[in-house]
Amino acid sequence: MLIHFHSKGIGLNESARDYIEKKIMNLKKYYNVGDDDTSTANIEISQNKERSSNLVNISVRIIVSKKTFMSETKGVTVEEAIDLAHDKLKVQLQRYKERMKEENHGK
């Protein structure tokens, strides 16, 4: 999987980047792509600059075999926000995998 990072107004250190990559790569087990893995993940990270809030916004878009899965979350830390995004994407990908299994068994 090819992962692209875009950060706006927030510095992304190496440990946070590694954590995000690990969480996104973990999602590969929820879809079948075979040996030809052309999936990509676009991750946008920004700092919420509102007066009362200092939250991190994370938008993750994963493209798997012409299908797009997306999650937008907010958290106090980058790790918290990516954990929430991971959980949302996991549900979407599991649903997709089940649908694909049902379609293949119906043929």
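Pairing the Cα long axis of helix 78-106 with the longest principal axis of the chain, what angle in degrees results, from 0 to 90 and rounded to the nearest 10? It is inclined by approximately 10 degrees.
Legend: calculated FRET efficiency, residue 46 to residue 1, from the Cβ-Cβ distance at R0 = 30 Å, rounded to 0.05, equals 0.85.
What is the helix-to-structure angle for 14-26, meaning the angle in degrees between its Cα long axis and the longest Cα principal axis of the chain, kept from 0 to 90 and rounded to the nearest 10? Result, in degrees: 20. Let me know the whole percent of all Cα-Cα pairs from the chain that are separated by more than 20 Å. When every Cα pair of the chain is considered, 41 percent fall beyond 20 Å.
Bear in mind that the values in this text are calculations on the coordinates, not laboratory data. Bear in mind that the values here come from a model prediction, so they are computed numbers and not experimental data. Every residue, glycine among them, receives a Cβ derived from its backbone with ideal geometry; neighbour counts consider all protein chains shown.
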